[in-house]
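Beneath this line is the structure, given in structure tokens, with notes to follow.
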Amino acid sequence: MERIFLFLYQYRAFFTFLALELFCAWLIIQNNQYHGAQFFNSSNTFVGGVNNFSQNMRDYFSLREVNMMLAEENARLRKSLEQRNQQIWSGKMADEEITNRFDFVSAKVVNNSTDRYTNFITINKGSKDGVAAGMAVISSYGVVGKVKMTSSHFSVVTSLLNIDLRISGLIKRTGHFGTVQWDGRDPQVVEFEFIPRHVKVAEGDTIITSGYSGVFPEGILIGTIEKIELREEAPFYELRIRVAQDFRKLSFVSVVKSNLLHELDSLELQIPDMKR
């Protein structure tokens, strides 16, 4: 404390001069309209710039929370859309269980691979959040994969970019269905198999989920036909599909909980020759 007083005493002339200068500036601003306007305009610009910088910094550091909120909102909107579709297909007096056939749980991707033959994705939701093995995983762009295993707080998802995963899809324009599977090469392209040669397919046709498995809701985007090949005497086309989701930019997903899947499986298991 003594050093502070000593410092102020040693530089008393400078501090007196500074105080007088500030007082004079205040008098000029208060008694001259032009100078006052200029000062307040300049100060407002400076303060506005500081506030804008501060707000930008707050927005940047809150991006994670904002993204999580948007992902949860997307899950709620997707559920509402699915309920509306079920009501349209089943009639206005649809069974409540049919209307609420699917629930959606938003999750963040914490690990992801795209450069292997069997790629997997790790998300930050697990059994405590109602996630279970076999559930479908989608994003705002389209199909992502299926849950392989879970722990309490995390789940591992078999990516669409996994040669062991097969998904039932159909051509939106014609309604013909086939099987989507990755061939282990281009992470942006998958194969669409078992489309017979009599079907009139075209480049740019949209491929969506068929809904036949009961795991994926019907109508989820998979991609578009990029290349068509038909060998002589071959019964099926060789179709290359450019996937809608860029897996190298995957950040947030939604896990699809099919509430009627158990009932569907139980019914189909009663027929020995009927397998998924």
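The values are calculated or read from the model by the stated rules, or taken from the named source; none is laboratory data. Everything numeric in this text was worked out from a predicted model, so none of it was measured. In this analysis, Cβ positions are derived from the backbone assuming ideal geometry, glycine residues included, and neighbour counts consider all displayed protein chains.
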Tell me which residues, restricted to the stretch 107-135, are surrounded by 15 or more Cβ atoms within 10 Å (Cβ to Cβ) and aromatic (Phe, Trp, Tyr). Phe120
For the stretch 186-208, which residues satisfy the criterion of being within 24 Å of the chain's Cα centre (by Cα) and part of a loop (DSSP other than H, G, I, E, B)? Asp186, Pro187, Gln188, Gly204, Asp205
So, in the stretch 222-274, of the ones that are over 30 Å from Phe104 (Cβ atoms) and of a type in the set (Asp, Glu), which residue ends up modelled with the lowest pLDDT? Asp273
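Please tell me if Asp115 is more than 28 Å from Asn259 (Cβ to Cβ) and modelled with pLDDT of 95 or more. Give the derivation first.
Numbers: more than 28 Å from Asn259 (Cβ to Cβ): yes; modelled with pLDDT of 95 or more: no.
So Asp115 fails the test.
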Could you please let me know if Tyr34 is surrounded by fewer than 10 Cβ atoms within 10 Å (Cβ to Cβ) and at pLDDT below 65? yes
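Rundown of residues vs (1) of a type in the set (S, T, N, Q); (2) assigned by TED's automatic domain parsing to the domain that holds Gly211; (3) touching a Pro at 6+ places or on another chain (Cβ under 9 Å); (4) modelled with pLDDT of 95 or more, yes/no style:
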position	(1), (2), (3), (4)
Lys79	no, yes, no, no
Gln87	yes, yes, no, no
Ile98	no, yes, no, no
Phe102	no, yes, yes, no
Ser139	yes, yes, no, no
Ser155	yes, yes, no, no
Thr179	yes, yes, no, yes
Trp182	no, yes, no, yes
